[in-house]
1. Quickly estimate the mean residue ellipticity at 222 nm for the chain, helices only: each DSSP H run with n ≥ 4 gives -39500 (n - 2.57), and the total goes over all residues, rounded to 500.
2. Enumerate lysine pairs in the stretch 1-123 that are 8 or more residues apart or on different chains, then count those whose Cα atoms are under 20 Å apart.
3. Rg and Dmax of the stretch 50-123, Cα atoms, in Å?
4. Counting Lys and Arg as +1 and Asp and Glu as -1, what is the net charge of the other residues whose Cβ lies under 13 Å from the Cβ of E20?
5. For a quick protection proxy, order the peptides 167-175, 76-84, 96-104 by their average other-Cβ count within 10 Å, most packed first.
6. I need the calculated FRET efficiency for the pair Q40 and A144, taking r as the beta carbon distance and R₀ as 22 Å, to the nearest 0.05.
7. Would you mind checking the stretch 34-53 for residues with the amide N under 20 Å from a putative spin-label position 7 Å along Cα→C-beta of E88?
8. What does the extension gain come out to for A80 and K133, with contour length at 0.36 nm per residue minus their alpha carbon separation?
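The values are calculated or read from the model by the stated rules, or taken from the named source; none is laboratory data. A quick note: this is a predicted structure, and the numbers were derived from the prediction, not measured. Please note: Cβ atoms are built from the backbone with ideal geometry, for glycine as well, and neighbour counts cover all protein chains shown. Surface accessibility is based on the protein's heavy atoms, side chains included, excluding ligands, DNA and RNA. Shrake-Rupley method; radii C 1.70, N 1.55, O 1.52, S 1.80 Å.
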Amino acid sequence: LGGRAAEEVILAQWENWHNEKDRDDLLTEMDALTKEEPSQAVLSKLRELSNRWKEIGRVSADKYQAMQERFQANYEKIKANCAPFIEEMNAERIKNLADKEALCQKIEELVANTEIFWKDKFKTMQELQESWKNIGMVPKENVAALTERFKAAVNAFYAQHKENVKQEDESREANYEKKVA
């Protein structure tokens, strides 16, 4: 081999060695992760390791298959360990969905109710918005529609509130003019 070709072979070998070391280190992290208690942190770490695995460059074909099998086995073991936690998380998200839908309903009813004094309505609205913030996540497939419903209800409330403030200002102005006259 010529000087340039030999250099490329050496660089490729070094790159393979370096990538094998990176994959081995990552697999060691995954081995440790299989022994941890299921949690959101474990799932986040698994996602991070999975992304890092995809970013690591090539390794020799004979080592890649064994490494890939070990990675897949660890991945599946961690997911299986976390399955009850994931189910619990999903159940909580469904409960949160019901809670947030109930809040949307309350806001929509608040907008429709014309008999409540505006200061009371405003205070109730602030409490409902605070409750919304304190409720956790909902299933991904419901986020967009639920957020849209909440925003529409809140916007309707504040449009109504703005109109009410405008009417109060006009009333105050009219009363002022009567007093001046």
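1. Calculated from helices alone, the mean residue ellipticity at 222 nm is -31500 deg cm²/dmol.
2. 18
3. Looking at the stretch 50-123, its Cα Rg and Dmax stand at 25.2, 77 Å.
4. Once all neighbours under 13 Å are counted, the net charge is 0.
5. Taking the mean over residues of other Cβ atoms within 10 Å, the ranking is 96-104, 76-84, 167-175.
6. 0.45
7. Answer for the stretch 34-53: 34-47.
8. Here the segment from A80 to K133 would lengthen by 15.9 nm.
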